[in-house]
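Read-outs: derived from the displayed coordinates by stated rules, not from any lab. Keep in mind that this is a model prediction, so the values were computed, not measured. Ideal geometry is used to build each Cβ from the backbone, glycine not excepted, and the neighbour counts take in all protein chains shown.
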Amino acid sequence: MTNDGFRPDRRLTDQESEEDLDAEIHFHLEERVRRLQAGGMSEEDARAEALRRFGDVAEARTGMAREEQKRRWTMGMRGLFDGFRADMGVGIRQWRARPGMGLLALITLTLGIGATTAIFSLVDGILFRPLPFAAPDRLVSIWSDWTERGGPDKEWFGYPDLIDVREQVDAFEHVGLWGGFSPVLTGMGDPEQISGMNATYGTLSQVFRIQPVLGRLFTEEDDRPGANPVIVISHEFWQNRLGGGADVLGSTLTLGGIPQEIVGVLPEGFDAPFQPGIDIWSVPGIDPAAVANSRGGANWRAVARMNPGMTLDGANQQLRVFADRLREQFPESYVGQTPVAYGMQEDLVEPAREGLQMVFVAVGLVLLLASVNVANLLLARNSLREGELAVRAALGAGRGRIVRQLLTETGVLAVVGGALGIGVGWLGTRVLVALAPDGTPRLAEVTLDSRVLGFAVLTTILTTLIAGVLPALRSGRTDLRDALVGGGRDPGADRSGLRLRGGLVVVQVGLAVALMATAGVLGRSFQQLRAVDLGFDASDVVTFFVSLPGAAYTDTEARAAFLAELDTRLNALPQVVSAGGVGALPLANFNGDVTYTIEGRPLPEPGQETAGWLRRVTPGYMEAMDLRIIAGRGIDARDSRDAPNAIVINETLAERFPGQNPIGQRISLGSPDNPLWFDIVGIVGNIRNFDVRDDWRDAIYISNTQFPTRQIFFAIEAAEGVDPTSLLPAARATLAEMDGSLAIAQAQPMSELVEGALGPDRFLAVLLSGFAALALVLAVVGLYGVVSYAVTARLREVGVRMALGAGRGPIRLMVVGRSLVPVGMGVGLGLVLTWFATRLAASLLYGVSPIDPASIAATVGVLLVTASMAAAVPAFRASGVDPVHVLRQD
Amino acid sequence: MTETNLALLKGTVDLLIMAALDSGEPMHGYAVAEWIQGVTGGALLLEEGTLYPALHRLKRQGLISSEWGVSENNRRARFYRLTTEGRERRAQGAADWSRYVTAVSAALSGGRI
């Protein structure tokens, strides 16, 4: 034990005082004077001579003091280092002596730190880290707010409207317009749809301010009608598909049947933040003058860079003024819309923000719980060592010294736990990225880098402090006499220690209840979402996307005919129940709003227009998706180009005809001055068009044959028992037969798309359930530790009771009952915490109230049962003691 | 070699102190000064005050140790003694010094020894 760093501290006794230095010089001078006097010199002369021989007294004095100071410092450092090494040694030996407890603490720390690190890397990569572009705080997304006309708050734009924003609003240095497209690449093996981005000339160079690695970006001249078609390709496409050579510049790719010259290659890692995975970029080449009068559309989106010093509020102020002017200018077409700028980062991560915040808070609670658990384990361990620590104190170790040693021991644990935790965090990050739902923004930017490592180290330090300080301070306070007199015979006699540990159990149980109840309510919400009536039947349906290139299908007649024919041929395939096309599949987060008016009704006030989702469908679509026909008929083959314009409305829109039969009435999709009339031919059931959480809203279906689109999704319903994806080869062949330059893309079962739409909710529910389970385990481990400890402490009491005739049953009940007191208090605390936690989750919930009695009841039930089981094990041990044996120990 | 010589020059006082303490009993600073004076026959002009920072430096370096004691005429004085490490260093220093002197002498006498 003498080697354990408890040797008496020599620094104080060995310290030089200032007086000693003076005394040393004084002695020398006196000695010299004495000798000189003995040689016959007068005292006065002797003093003068002694000083002369000595030289500069002050300098000597300073020199001595400086050396002493240096010596003290060196010794101090050496002492600290030796002490630390000794503490480490003791720490490691202590953990080795009780491997079970050490291992438990280590696992707790590893899991706590690992989970926190992984979640932080996700949260940091997505929410906190600035976008990887120059001056990212000046980047904005611009959306069109249609709420005034009953539309969504984030709708797309008409091309000329955005060009006017670029030219007329000073707030922006540049505005880039973009729209994704899916060109078919031919001439390189089978025709293949690739991922394209049509963005005005300055989007890359002026908004994102990136530099090409090869060649150039677009110029204003490229972006004019009739210009030579040029493209810029992504680094990945260049490397993986085109060989990565410099000779790629000047070569051409045939896209949609048109050869396009490659003029540049984008830098590695560049990804359009709003739409990752783009292979090729092109410019729209639209003459704004040619479309100057088609206002209020919704087919373009915008990103912009604000001028230096411009604020978001300032920009939005200007946009409102601009919108007022545009509305005056085009009262017919630009109606009830206002462009709104959002910080690009906030806009991008908005869908993920609340979920991630929730997860971050949850993992923070888990970490706190883990720290408390380790604190509890350390307290238990230290109380078993009370005798040893008291001996050390008796041998002269001060309280600070003992606290320091206990902290070092915790430090040993933290260093190992932190290192393992970072490893677990690294794994966890990869798992999270793999599990994260499709469409999670900025997922490619999630890495475990120095920021995350720094965070992990801070987390470790914080955890060590929380877990280590309380137990260390308590043990430092150990009363020497009590501990020695107790002789370690009754290690749990310390009532205040029990109280403290009971308090920790209250906190643990409270945190666990809050996490479990929140996970419960999120799980129930997820269940509700899964049970939502989507309005269509996704089973047995496979979907894919087809894009008709503009060059070959300029004529609407040709497009209509081609898609109607494709519909017919797909329906004729064996095993196909029904097949049909639609402009946008349900749950694909696509609005596609249209404003409509009902014939014979007074025109709505400006800003009070009625709007709904517009979907163009081919004849087989409604049957393939099993939309419910409520009255009349769906869009079918009768709605040909020669037939009158047909429209099918949904249930919600039909409610606008109270007491009337809507069928036979007319609806206009044009402007009041220039109406475009449709006959209502049927009513179909509501479906979730945009998202699973949609409220029912007006929807309008028109015939794709009458108003054809260029880009269409097909849905094929397979016969029962047939895997719908097995129909894809036949569908591919059918398309190739009709036009060898076309390809199908994005093929997936509709059920997958539905699951994907629930991805974020599932991710959240799964993560939270994981944390809740971890919390439950940690809390139970903590409780078990405390109860075992209390049982040991009360063994004599139990012995006395049994000697006096108490049965084993009542003893067990007493032990379990007492241990449930802190559990009960913890549940109370947990309910309060739950109230706050679920409030945080409120906006993520669907179909359940934040305070969900079922989740809370289940949580409390599970917790009480598990806690009773944890307490029962030591209770049985207590009831199994031999009273004679216990009492004889006195 | 060059480095050793320079260090030796700077450390001449240190070397003399260690030589004094190597002669036997613990000595106080005054006795060290007297010893140097005595053995060199006063050939070295030593400012006695410079001994003290040197003593404390040697102590910091662990080459000598010190303790308070009583002088022959019953005064309280600090006595120094060479540590084991100091003894080794003294031997090494003496050897280096001889080589240094030999080398310099040889140079000054035109290479003839």
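Annotations
- Taking chain A and dividing mean pair separation by its residue count, relative contact order in percent (alpha carbons under 8 Å, at least six apart): 16 percent
- With the cut-off at under 20 Å, measuring from each backbone N in the stretch A:74-114 to a point 7 Å along the Cα-to-Cβ line of A:L395 picks out A:79-98.
- Charge-dipole axis of the protein assembly as shown as Lys and Arg at +1 and Asp and Glu at -1 on Cβ define it, positive-most pick from A:I258, A:G799, A:M750: A:G799
- Share of Cα-Cα pairs in the protein assembly as shown lying beyond 48 Å, as whole percent: 53 percent
- In plain terms, the chain from A:E148 to A:F876 could stretch by 255.1 nm, reckoned as 0.36 nm per residue minus the Cα-Cα distance.
- Helix runs (DSSP H) in chain A reaching 18 Å along axis by Cα, Kyte-Doolittle at least 1.0: A:99-123, A:399-435, A:450-476, A:759-793, A:808-841, A:853-879
- Dipole magnitude (debye, nearest 20) for the protein assembly as shown, charges at Cβ of Lys, Arg, Asp, Glu: 5620 debye
- Sites A:H885 and B:W68, calculated FRET efficiency, Cβ-Cβ separation with R0 51 Å, nearest 0.05: 0.25
- Extension gain, A:M738 back to A:V469 (0.36 nm per residue minus Cα-Cα distance, nm): 89.2 nm
- The length gained by stretching the chain between A:E44 and A:A134 to full extension, at 0.36 nm per residue less their Cα-Cα distance, is 24.1 nm.
- Averaged over A:58-64, number of beta-carbon atoms from partner chains that fall within 10 Å: 5
- By definition, a body whose alpha carbon gyration tensor gives a ≥ b ≥ c is oblate when a/c is 1.5 or more and a/b is not larger than b/c, and the stretch A:105-196 fits this oblate description.
- Cβ-based charge dipole, the protein assembly as shown, positive-most Cα from A:Q193, A:V57, A:P267: A:V57
- For A:V532, net neighbour charge (Lys/Arg +1, Asp/Glu -1) across residues whose Cβ lies under 14 Å away: -2
- The ranking of A:V800, A:V513 from fewest to most other beta carbons within 10 Å of each one's beta carbon is A:V800, A:V513.
- The spread of Cα positions in the stretch A:338-473, taken along each principal axis and listed from longest to shortest, comes to 78, 31, 23 Å.
- Label-zone membership for the stretch A:121-154, site A:N307, 7 angstrom Cα→C-beta point, backbone N under 18 Å: A:137-140
- Total formal charge among the other residues, if their Cβ is under 15 angstrom from that of A:R129, Lys/Arg +1 and Asp/Glu -1: -3
- Using R0 = 35 Å, the C-beta based FRET efficiency linking A:R78 and A:E18 works out to 0.90.
- Mean separation of Cα contacts under 8 Å (6+ apart) over length of the stretch A:576-661, as relative contact order %: 30 percent
- Cα centroid of the stretch A:811-883 to Cα centroid of the stretch A:167-203, whole Å: 56 Å
- Summed side-chain charge close to B:E67 - residues other than B:E67 whose Cβ falls under 9 Å, Lys, Arg +1, Asp, Glu -1: +2
- Point-to-point label distance, A:R530-A:E332, nm (Cα→Cβ direction, 7 Å offset): 5.3 nm
- Inter-probe distance in nm under a simple model that places probes 7 Å from Cα toward Cβ, at A:T725 and A:R601: 4.5 nm
- In this structure, A:I210 and A:R96 have a Cβ-Cβ separation that, at R0 = 51 Å, corresponds to a calculated FRET efficiency of about 0.35.
- Taking every full run of DSSP H in chain B, the ones that stretch at least 18 Å from end to end by Cα along their long axis and average -1.0 or higher on the Kyte-Doolittle scale are B:84-108.
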